[in-house]
1. Heads up, I need the accessible area for ARG47: 1.4 angstrom probe, whole protein in place, Å², nearest 10.
2. At 1.4 Å probe size, what's the solvent-accessible area of ASP43? Round to the nearest 10 Å².
3. Starting from the residue with the highest accessible area, list GLU93, GLU86 in decreasing order, probe 1.4 Å.
4. Within 11 Å, Cβ to Cβ, of PHE101, how many net charges do the neighbouring residues add up to if Lys/Arg are +1 and Asp/Glu are -1?
5. Non-local amide H neighbours of PHE101 (under 5 Å, H modeled in plane, Pro and chain starts lacking H): which ones?
6. For SER107, what accessible area in Å² do you get when you roll a 1.4 Å probe over the heavy atoms of the protein chains, rounding to the nearest 10?
Amino acid sequence: MSAQPTRCRTFRIPIAGIDVVLVGYFSAKQKDFGTLMSAAAADLAARGVRVVGHMVQRRGVSDGGARKMTLPYSSRTLLSYGKVREVVSRSQETNATAVVFTTTLTSRQRRTLTNMLGRPAISLSDIVTTDD
């Protein structure tokens, strides 16, 4: 008997009517990150999603970070561990159903963040792609 290939499991959550925390990951060179976050929130609102919290992780703000700006803080979480703890706290405070990232997440990041956050971690592009 041959082994069946494993399939990547994705989250299927009803989008309309849920509360989410929106998380943006931007380099320090990205000066218009506020505009991008507002556009992402408006895109979610147009799909019936309530954004109940915003969090931003900036990369390259410090002198040491500027040299590593093209790299994520963590390949597992994209964010620094301190920022992950802040997202957990904000998600719990707001009773968010999910956390939406403006950046595309890898399957590993999605799994790791979902486990750490205690709620689905999804990227904005996943919502836009499945909704269109």
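1. 50 Å²
2. 50 Å²
3. GLU93, GLU86
4. Every neighbour counted, the sum reads 0.
5. VAL23, ILE122, SER123, LEU124
6. 50 Å²
The values are calculated or read from the model by the stated rules, or taken from the named source; none is laboratory data. Source: prediction; values computed, not measured. As a convention, Cβ positions derive from the backbone with ideal geometry for all residues, glycine included, and neighbour counts pool all protein chains shown. The protein model used for the area step is the full one, side chains on, heavy atoms only, and it has no ligands, DNA or RNA in it. Shrake-Rupley method; radii C 1.70, N 1.55, O 1.52, S 1.80 Å.
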